[in-house]
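Written out below as structure tokens is the structure these notes cover.
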Amino acid sequence: MTRTTEPHRCQWAAAGDALMRDYHDTEWGTPLHDDRGLFEFLCLEGAQAGLSWRTVLNKRDNYRKAFHDFEIARVAAMSDRELEKCLLDPGIIRNRLKVSSVRDNAVAAQKVIGEFGSLDVWLWSFVDGKPLRNRWREQAEVPASTELSDRMSKTLKKRGFRFVGTTICYSLLQATGMINDHLVGCFRHKACTEA
């Protein structure tokens with residue numbers, strides 16, 4: 001009888017369900033350089049404010065349907081009527097400010113793209129284009145925010161982005177691989193370091 005051993009994961013994913021494990025194992029911390037994907041994470045991290053990531057992850061497909069798969073130009077062009085319709089969708093978090101922030105963030109993202117060529121280039125400039133690699137051993141060591149996320153938050157707010165507080169920005173940095181916060185004992189730490 002063969003026994004399969006589970007790989008060692010970050011503590012938050014080890015105890016989680018299959019959806020959280022899959023997210024941890026395939027996405028979280030992997031350097032992302034796609035404007036649409038970065039915009040999606042920016043909006044979903046904002047939707048998470050005051051809630052658990054599990055709640056948002058469970059609704060992710062519904063968000064993609066409601067917000068045109070996070071195509072920035074299409075979201076920026078959404079009408080007030082379309083946003084009102086989103087507020088009736090039980091598949092997303094029906095908070096009026098969070099829903100309207102998605103369009104506002106798309107408009108702000110378009111301005112950034114016009115100025116810098118891509119959302120990717122601009123967001124990654126906060127880490128000089130290369131992932132920052134931490135070497136945390138315990139989940140308790142991982143901060144909720146840093147000077148970098150403070151600076152990023154202030155800059156995004158000045159450019160018209162909403163729901164981009166310092167904790168949300170730190171989560172964005174982690175999720176998109178701008179910061180590798182996989183614990184050193186996690187099987188994804190090395191993979192994300194080499195990505």
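The values are calculated or read from the model by the stated rules, or taken from the named source; none is laboratory data. Keep in mind it's a predicted model, so treat the numbers as computed, not measured. Every residue, glycine as well, gets a Cβ built from its backbone with ideal geometry; the counts of neighbours run over all protein chains shown. In case anyone asks, the SASA skips ligands and DNA or RNA and just uses the protein heavy atoms, side chains included. Shrake-Rupley method; radii C 1.70, N 1.55, O 1.52, S 1.80 Å.
Is there any pair with a first residue in the stretch 19-48 that is over 28 Å from residue 110 (Cβ atoms) and a second that is open to solvent by 40 Å² or more (accessible area, probe 1.4 Å) and not acidic (Asp, Glu) whose Cβ atoms are under 7 Å apart and which are 6 or more apart or on different chains, and what are they?
From the stretch 19-48, the pairs are 19/58; 20/54.
(1) assigned to a loop (DSSP other than H, G, I, E, B); (2) under 18 Å from residue 163 (Cβ atoms); (3) within 10 Å of the chain's Cα centre (by Cα): which one isn't true of residue 51, the others all being true?
Condition not satisfied by residue 51: (3).
In the stretch 111-190, which helices (runs of 4 or more DSSP H) lie fully inside it and hold 3 or more residues that are surrounded by fewer than 20 Cβ atoms within 10 Å (Cβ to Cβ) and at pLDDT below 95? Write out each step before concluding.
Values: elements: 119-124, 147-158, 166-175.
Here the list is empty.
Test each condition in (1) open to solvent by 30 Å² or more (accessible area, probe 1.4 Å); (2) touching a residue at least 24 places away in the same chain (Cβ under 8 Å); (3) within 21 Å of residue 142 (Cα to Cα) for residue 9 and report the one that comes out false.
Single failed check for residue 9: (1).
Given (1) over 14 Å from the mean Cα position of the chain (by Cα); (2) crowded, with 20+ Cβ neighbours inside 10 Å, identify the lone condition not met by residue 95.
(2)
Being charged (D, E, K, R) and in a helix (DSSP H, G or I) is the filter; apply it to the stretch 62-79 and report the residue that is surrounded by the most Cβ atoms within 10 Å (Cβ to Cβ). Give the derivation first.
Initially, the stretch 62-79 is screened for residues charged (D, E, K, R), giving 64-65, 69, 71, 74.
From the residues that got through so far, the ones that are in a helix (DSSP H, G or I) too are 64-65, 69, 74.
On the way: 64: 15, 65: 13, 69: 12, 74: 12.
Top of the filtered list is 64.
Does residue 29 fit the bill of being open to solvent by less than 10 Å² (accessible area, probe 1.4 Å) and in contact with a strand residue (DSSP E or B) (Cβ under 8 Å, 6 or more places away or on another chain)? Break it down stepwise before answering.
On the way: open to solvent by less than 10 Å² (accessible area, probe 1.4 Å): yes; in contact with a strand residue (DSSP E or B) (Cβ under 8 Å, 6 or more places away or on another chain): yes.
The answer is yes for residue 29.
Out of 19, 57, 42, report the one residue that is over 19 Å from residue 173 (Cβ atoms), part of a helix (DSSP H, G or I) and among the aliphatic types (A, V, I, L, M).
Numbers: 57 fails: over 19 Å from residue 173 (Cβ atoms); 42 fails: over 19 Å from residue 173 (Cβ atoms).
After applying the criteria, what remains is 19.
Test residue 72 against the criterion of being within 16 Å of residue 44 (Cα to Cα) and touching a Phe, Trp or Tyr at 6+ places or on another chain (Cβ under 9 Å), and give yes or no. Steps first, please.
On the way: within 16 Å of residue 44 (Cα to Cα): yes; touching a Phe, Trp or Tyr at 6+ places or on another chain (Cβ under 9 Å): yes.
So residue 72 fits the description; yes.
Those residues that are within 19 Å of residue 37 (Cβ to Cβ) and open to solvent by less than 30 Å² (accessible area, probe 1.4 Å), I need them from the stretch 99-110; list them, please.
Once the filter is applied, which keeps residues that are within 19 Å of residue 37 (Cβ to Cβ) and open to solvent by less than 30 Å² (accessible area, probe 1.4 Å), the stretch 99-110 yields 101, 102, 105, 106, 108, 109.
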